[in-house]
1. With everything on Cα atoms, drop me the angle between helix 8-19 and the longest principal axis of the chain, reported from 0 to 90° to the nearest 10.
2. In what order do 26, 81, 74 fall by count of nearby beta-carbon atoms within 10 Å, going from fewest to most?
3. Indicate the gyration tensor shape class of the stretch 1-96 (rounded, prolate or oblate), computed on the Cα atoms with a ≥ b ≥ c the square roots of the eigenvalues: a/c under 1.5 is rounded; otherwise a/b larger than b/c is prolate and the rest oblate.
4. What does the helix-only formula give at 222 nm for the chain: each DSSP H stretch with n ≥ 4 adding -39500 (n - 2.57), the total divided by the residues, and the result rounded to the nearest 500 deg cm²/dmol?
5. Within 10 Å of each residue's Cβ, count the other Cβ atoms and sort 138, 90 from fewest upward.
6. State, as an integer percentage, the relative contact order of the chain based on alpha-carbon contacts under 8 Å between residues 6 or more apart.
7. Shape call for the stretch 61-142 from the C-alpha gyration tensor, a ≥ b ≥ c root eigenvalues: rounded (a/c under 1.5), prolate (a/b greater than b/c) or oblate?
8. So if each residue of separation counts as 0.36 nm, and I subtract the Cα-Cα distance between residue 84 and residue 64, what length gain in nm does that give?
């Protein structure tokens, strides 16, 4: 499913859900101008088609004991598919890695990782980067101020907003 497969109602529903996915379907229906059953059907279809990937709570890491956020650039020892795929599988399974992007431009991965404190951060860096035979080089950047974080996807051009 692509954006072209979504109508204005779908996009508006998605925009509302991105801000508050706990809003009752009746409240969404009122905002969109459709019936509650229609909203329920549309949301179910969006879930089935994979447009809505999950319903999650976004938690502030610092409030639950993980105040250190780091951005890590890493480069693989070689650019063979076997190494790339192995590294992707590995990083996908590290709990402290919140986001991992396989990129081009002289770096293999950009990773967002959280930790409890600097000692924990050092342990994670040693385990997942320094002692990882697939990693050639890495650079860590400690986040001083998370100026903007979020997951909201822009769905409308400025002129198209409902």
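1. With both axes taken from Cα atoms, the answer is about 50 degrees.
2. Numbers: 26 11, 81 7, 74 22.
Neighbour counts put them in this order, fewest first: 81, 26, 74.
3. Details: a/c = 3.52, a/b = 1.82, b/c = 1.94.
Oblate, since a/c reaches 1.5 and b/c is not below a/b.
4. Values: 5 runs with 53 residues, N = 162.
Result for the chain, helices only: -10000 deg cm²/dmol.
5. On the way: 138 18, 90 15.
By the 10 Å Cβ count, ascending, the order reads 90, 138.
6. Details: 163 pairs, mean separation 41.8, N = 162.
The value is 26 percent.
7. Values: a/c = 2.00, a/b = 1.91, b/c = 1.04.
Note, shape of the stretch 61-142 comes out prolate.
8. Working: separation 20, 0.36 × 20 = 7.20 nm, distance 3.24 nm.
That pair, residue 84 and residue 64, stretches by 4.0 nm at full extension.
FYI, it's all coordinate maths here, none of it is from the lab. Predicted model only: the values in this text are computed from it and were never measured. Heads up, the Cβs are rebuilt from the backbone with ideal geometry, glycines too, and the neighbour counts pull from every protein chain shown.
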